[in-house]
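The values are calculated or read from the model by the stated rules, or taken from the named source; none is laboratory data. Bear in mind that the values here come from a model prediction, so they are computed numbers and not experimental data. Quick reminder, even Gly has a Cβ in these numbers, built from the backbone with ideal geometry, and neighbours come from all protein chains shown.
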């Protein structure tokens, strides 16, 4: 039906839309950096832990982290943009830097063994989960359900991992700090 | 800076200014291929109205709009954004202004929850805002750009919405404030609305009430170990009530309706016990009606089959300043049909059944002027004052639509609402006026028709404007709403 009234299109003109998609892309680059850092940290921490159950938890988490990184890459396709590979590389470097930070914190806090790495995984997963959660909100704000559908399962898995990591970090801290023993 | 909690929780106002609005104009072809995949098509021919009426979109791409109003010259004002339904994501809280020329601008406000209404009155805009522990009624001068907070003491910070303001033939301002709690007791469901931001929010009665001491047990999601806690009526979450305890009624309560002078002075409490008085309308005879939404069938105080309703606020007919005792309309213990929440007809099929919270309650002020199917979610409304449009004297009501299966397990609740109805308040009957070909939102039933009507008001041109909130997707576990999917529709008699 042809309208007789001039229709106002609020913030859906091409220029505004493209600007907002570019800004979303910049966040997705950050998300990819954060997630690459988290994935690298989890993968390296698996190798440092001997306790079989925690090692298994982290090994399974490492598999999930690879899938989460793929999901992060899919976000760019949804908005017709390409990811910055440099950001991903930076993410992996950041993962290594976090391990060094963990070592420093461990020394100053009297912790010993791989606990400090586990603690950094705990913080890194939280950081990455938050970055995905922000992407979900951007999907809602842009009216793009595919973004929401892509990241919601990731956030749910990371939220589940966060509880697990919290339990492991809190359970093992006494062994690390008071007994100075690895696990 | 204040260092005590009472001072910190007092609203301190906010900045407001005008800005340009980034927009364009649309033709029919653009509306068939919008850049928002959540709502890619707007098509008025998919909207059903009675023979002799036409529908057309006027504004497209709105973000969580809540209300519409008009200046006599035809300027349109739409309140939108903030942190609304659900609370994430925040979109800019503002009033969009569309002048008769088509030129637009935005009145932007730096406030979190944002405007829930807009009313043009005597050259000024009045609006209500949520956010923080108090609901506010605000006046904004279109001429000078000055803003004044008229009312800032109404306890809020939870689930339900401000109502009005509307202005009566008596020149007085009428406004409402919904309950903090969803089910009569602060509970952890949907914690982003209340507990996360306002853990100390609670309902406040409009009269002294004696409590039964029936507390509700739930887990406390705020705790490192989410253990069980007990919560009582008119208490913050996790605070139990004692049997026989008296909670003092206050002028500035919630679940209530007031009137005052237009400058916010001489506030008079007319009614309380109204869960969510979001929609308010006064007819030419000065009779005040408010919408109210039903209890939900879920969680730790679940209540089934509670009808949506429109209340007639009879105290509004009494002389200004003469109301000594407000009327009580039932919240948190009486359903819209006048039966208690623990009546067999209201026992839930899921969740824990409700117990009564108030001992020896005040006299119930019902029955309702109109009862609607549960979860229709009646919102803002307006009386038709025009012979030219037809149905003069009838009340046109926007129905946002159900949140089932999130808030009800009943299959029959899945398509309630998603339409505009016209209500004969004298007979207590209604007829559908505007809806899709298949009942339900376009995003579910297909086509480019309506999603969720949130307000409907008659413009100075005699047309009915229907404000469509946009796409809100509901699952058994959550609700997600997509910005830039709201539409203002215009219905004209040929």
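Just to be sure before I move on: is residue B:169 surrounded by fewer than 24 Cβ atoms within 10 Å (Cβ to Cβ) and modelled with pLDDT of 95 or more in the structure I sent? Against the criterion (surrounded by fewer than 24 Cβ atoms within 10 Å (Cβ to Cβ) and modelled with pLDDT of 95 or more), residue B:169 qualifies. When region B:83-112 is filtered for residues that are more than 21 Å from the chain's Cα centre (by Cα) and either closer than 24 Å to residue B:479 by Cβ or within 11 Å of chain A (Cβ to nearest Cβ) (or both), the ones remaining, listed by number, are B:97, B:98, B:99, B:100, B:101, B:102, B:103, B:104, B:106.
Quick grid of which residues meet (1) at pLDDT 95 or above; (2) surrounded by 22 or more Cβ atoms within 10 Å (Cβ to Cβ); (3) assigned by TED's automatic domain parsing to the domain that holds residue B:464; (4) more than 26 Å from residue B:403 (Cα to Cα):
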site	(1), (2), (3), (4)
B:37	yes, no, yes, no
B:48	yes, no, yes, no
B:52	yes, no, yes, yes
B:68	yes, yes, no, no
B:71	yes, no, no, yes
B:78	yes, yes, no, no
B:84	no, yes, no, no
B:93	yes, yes, no, no
B:97	yes, no, no, yes
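Keeping to region B:42-65, report how many residues are more than 9 Å from chain A (Cβ to nearest Cβ) and over 18 Å from residue B:490 (Cβ atoms).
1
Residues that are more than 18 Å from residue B:102 (Cα to Cα) and buried (at least 17 other Cβ atoms within 10 Å of the Cβ) were ranked within region A:1-29; the one that is farthest from the other protein chains (Cβ to nearest Cβ) is A:29.
For (1) assigned by TED's automatic domain parsing to the domain that holds residue B:335; (2) within 30 Å of residue B:150 (Cβ to Cβ); (3) surrounded by fewer than 18 Cβ atoms within 10 Å (Cβ to Cβ); (4) at pLDDT 95 or above, each residue gets a yes or a no:
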| position | (1), (2), (3), (4) |
| --- | --- |
| B:217 | yes, no, yes, yes |
| B:226 | yes, no, yes, no |
| B:261 | yes, yes, yes, yes |
| B:279 | yes, yes, no, yes |
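Total residues in region B:20-41 satisfying the condition of being part of a loop (DSSP other than H, G, I, E, B), at the interface with chain A (Cβ under 9 Å from one of its Cβ atoms) and closer than 14 Å to residue B:96 by Cβ: the figure is 2. Being outside any loop (DSSP other than H, G, I, E, B) and free of Cβ contacts under 8 Å to residues at least 24 places away in the same chain holds for only one residue in B:444, B:455, and it is B:444. The set of residues from region B:113-131 being over 17 Å from the mean Cα position of the chain (by Cα) and assigned to a loop (DSSP other than H, G, I, E, B) comprises B:122, B:123. Among the candidates B:63, B:79, B:117, the residue that is closer than 26 Å to residue B:251 by Cα, touching a strand residue (DSSP E or B) at 6+ places or on another chain (Cβ under 8 Å) and in contact (Cβ under 8 Å) with a residue 40 or more places away in the chain is uniquely B:117. The number of residues in region B:398-437 that are at pLDDT 95 or above and in contact with a helix residue (DSSP H, G or I) (Cβ under 7 Å, 6 or more places away or on another chain) comes to 3.
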